[in-house]
Amino acid sequence: MRKYYIIFKNSIQANLAYRFNTFAFLFAEAFSFVIMFYLFFSIYAQGQKMGNYSLTNLVAYFALTKLITVTLLYDNFGFTVRDEIMEGRIVEYLVKPIGYMAKSFALKMGNIIFRLLPFIIIIAPLYFFFSLSVNLAEIFYFSAFFLIGSLISFFVFYIVGIASFFIGEIVGFNFLFLNIIYFFSGGAIPIDLFPENIRAIINFFPFKLIGFVPVSIITGNYDLSSAPRDILSGIVWILIFYGLAKILFASGIRRLEAYGS
Amino acid sequence: MLRYLKIWKIHVRAAFMQRMAYRLNFFMIAVAVIIHASITVIFFKVLFGYVNNIAGWNFNESMLIVGSFLLVDGLIWTTCAQLTGIPKHIKLGTLDGLIVKPISTQFLVSVFRADPEDWGRVATALFLLTSSAIALNYSLADIFSRLPYYIIAIACACVITYSVVAFARCLSFWFTEAGGTWYICENIIRSAGYPTDIYSHVLVRLLFSTVIPLAFMATVPAKIFIHGFDFWLILSSIALAVIFFFASRKFWKFALKHYSSASS
């Protein structure tokens, strides 16, 4: 376990070494959030309304979804796996007493924890600004869904990364999945604002557990009685992704041709 | 000028061949680019399911803004790929080789990468503009009388966007591992896809018309498409494009002085 902790720690340190990128990223996201705020402010100032959302609710939704998607999705994790495969560095892990998936997970967790720090700094004032109030049960379920979202994000981009075994370059796959997950997680627009037929498609996939569900818990738009069912569905999807990742990795290793010392 | 055009064409061809080395990847990016563009359209479609207008813009007019934004964004990606060459050359130290070439270094790093899959974004934009013009009941005569002015506004928008991106990318001279400048460029450009009339505060509107001229990246071209020739809007677009381009040139030269080679 200690070896994975060291990888986890290294991941945080690597993020700290390139902190300009993280701060550039946070600045850029904050900029786009301000634009979103003005967009909805202008709509509500005209007396118009988006579904059952009040302006405060909608702005809080976008602020929190942005923070969660920034933390869980935009760390280019798939490219780390791709680079190790395409440059042959993956061989180093095959001959060491270390599990590649567990090592990658420790790396991903390092990325998430590093991004959580600004997340907490930003979320604390938002909590008071938007007059959000959460009870212990909501905090518990939010944490559970955040963990499930982290695992789903990890497995999806891990699978995208190991697709390099089969197709080489995965920029396209990565971009495609990023767009799909961002949209299906409610990053572009709250899922309950979509028409019924689109909502049914989105609800089939587990990506709403990454953004929409945990954020709706905080904004008070989620019925907690659905939580056990959603958690169970999240666990089932994680198991499916886990199995798929195992099969693809084993099959990829059989195809691997790496040269060098 | 012809020499520059020839070099650009060579880079575009090389970029295409490079992408074709991984055909499935190229296909996936092309699909992802169209999905990415469609998400913006869906966003507005859902929004207009609840509201009649956004700061005075109805759905079809808003689609003219989105179309203009996608057109500018697509052209920037297909010609210079948001200047990804700048951070890459600085990080790898390969800028050394470009500086000594008998041609503008800024030009060389600008055309270093051109993404052919982003023609999908341009096609989506043209489809959106055409369908919105039809939905707004514009006659062919209307469209053709406004087209030359619209093209001027879009050309200015491209120059302004290029310059803003160049400013952000030049930060790589100080922060060597500065791939993060991409996020800044992407979010600024994406923000141009909303009508700038949403900014109710005068200072914010002024900021997005001058310092970060989001207004001139998509809203102004869309206004020209809707209302036709507007002397002040055209003049401001041209003036801003010239000012921003020369400012970005100055900043590039200033930043280049801070370049310390990373190669041996």
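Applying 1/(1 + (r/R0)^6) with R0 = 25 Å to the Cβ-Cβ distance of A:Asn52 and A:Val236, what FRET efficiency is obtained, to the nearest 0.05? About 0.25, to the nearest 0.05.
Label separation (B:Ser200 vs A:Phe23): 3.3 nm, computed from points 7 Å beyond Cα along the C-beta direction. Subtracting the Cα-Cα distance of B:Ser260 and B:Ile243 from 0.36 nm times their residue separation leaves 3.3 nm of extension gain. Considering only B:Ala114, B:Ala157, B:Ala168, the mean-square fluctuation computed in a Gaussian network model of chain B, springs between alpha carbons under 10 angstrom, is largest for B:Ala168. In the protein assembly as shown, the DSSP-assigned H stretches of four residues or longer account for a calculated mean residue ellipticity at 222 nm of -24000 deg cm²/dmol, using -39500 (n - 2.57) per stretch and the full residue count as denominator. When the charge dipole of segment B:46-171 is built from unit charges on Cβ atoms (+1 for Lys and Arg, -1 for Asp and Glu) and taken about the Cα centre, the candidate among B:Ile86, B:Asn52, B:Val100 whose Cα reaches farthest toward its positive end is B:Val100. Once the Cα-Cα distance is subtracted from the 0.36 nm per residue extended length, the A:Lys246 to A:Ile6 segment shows a gain of 84.1 nm. Scalar couplings 3J(HN,Hα) for segment A:230-243, obtained by applying the Karplus form with A = 6.51, B = -1.76, C = 1.60 to θ = phi - 60°, are 5, 5, 4, 5, x, 5, 4, 4, 4, 5, 4, 5, 4, x Hz; x denotes Gly and Pro.
Over chain B, Cα pairs under 8 Å with separation of 6+ residues give a relative contact order of 27 percent. Note on B:101-112: average number of Cβ atoms from other chains within 10 Å of each residue's Cβ is 0. Heavy-atom accessible area, probed at 1.4 angstrom with all protein chains present, ranks B:His36, B:His201 as B:His201, B:His36, highest first.
Spin-label model, B:Glu186 to B:Leu126: label points 7 Å out along the Cα-to-beta-carbon direction sit 2.6 nm apart. The 1.4 Å probe gives accessible areas that order B:Phe229, A:Phe183, largest first, as B:Phe229, A:Phe183. Dipole of segment A:191-261 computed with +1 at Lys/Arg Cβ and -1 at Asp/Glu Cβ about the Cα centre; of A:Ile191, A:Phe241, A:Phe205, farthest Cα towards the positive end is A:Phe241.
Mean per-residue shielding of peptide A:193-199 is 2, counting Cβ atoms of other chains within 10 Å of each Cβ. Per-residue surface analysis assigns B:Asp230 an accessible area of about 60 Å², computed on protein heavy atoms at 1.4 Å probe radius.
Each Lys and Arg Cβ is given +1 and each Asp and Glu Cβ -1; about its Cα centre, the protein assembly as shown then shows a dipole of about 1340 debye. Ordering B:Val72, B:Ile42, B:Asn25 by Cα displacement along the dipole of chain B toward the positive end leaves B:Asn25 in first place; charges were set at the Cβ atoms of Lys, Arg (+1) and Asp, Glu (-1).
Ordering of A:20-28, B:143-151 by packing is A:20-28, B:143-151, highest average first (other Cβ atoms within 10 Å, averaged per residue). On the beta carbon distance between B:Ala21 and B:Ile42, with R0 = 35 Å, the FRET formula returns roughly 0.60. Based on the Cβ-Cβ distance from A:Ser131 to A:Asp192, what FRET efficiency comes out when R0 is 22 Å, to the nearest 0.05? Given R0 = 22 Å and the Cβ-Cβ separation, E is 0.55. In this structure, the pairs whose alpha-carbon distance is over 29 Å, taken from B:Lys9/B:Lys253; B:Lys223/B:Lys257; A:Lys66/A:Lys246, are B:Lys223/B:Lys257; A:Lys66/A:Lys246.
Rounded to the nearest 10 degrees, the angle from helix A:19-45 to the longest Cα principal axis of chain A is 30 degrees. Heavy-atom accessible surface of A:Trp237, to the nearest 10 Å², is about 50 Å², with a 1.4 Å probe and all protein chains retained. Over segment B:1-149, Cα pairs under 8 Å with separation of 6+ residues give a relative contact order of 35 percent. Report the Cα centroid-to-centroid distance between segment A:154-232 and segment B:56-101 in angstrom, as an integer. Result: 28 Å between the Cα centres. Taking all protein chains together and rolling a 1.4 Å probe, A:Phe105 ends up with roughly 70 Å² accessible.
Per-residue mean of foreign Cβ neighbours for B:13-21 is 1 (Cβ atoms of other chains, 10 Å radius). In a reduced charge model with +1 at each Lys and Arg Cβ and -1 at each Asp and Glu Cβ, segment B:1-121 shows a dipole moment near 520 debye about its Cα centre. If you run the Gaussian network model on chain B, springs between alpha carbon atoms under 10 Å, then out of B:Phe175, B:Phe216, B:Phe43 the most flexible one is B:Phe43.
A Cβ-based charge dipole, computed about the Cα centre of chain A with Lys and Arg at +1 and Asp and Glu at -1, lands at about 560 debye.
For A:Ile189, the shell of other residues with beta-carbons less than 14 Å away shows a net charge of +3, using +1 for Lys and Arg and -1 for Asp and Glu.
The values are calculated or read from the model by the stated rules, or taken from the named source; none is laboratory data. Small disclaimer: the values here were computed from a predicted structure and weren't measured. Glycine also receives a Cβ, built like all others from the backbone with ideal geometry; neighbour counts cover every protein chain displayed. Side chains are part of the model used for accessible areas, which takes the heavy atoms of the whole protein and leaves out ligands, DNA and RNA. Shrake-Rupley method; radii C 1.70, N 1.55, O 1.52, S 1.80 Å.
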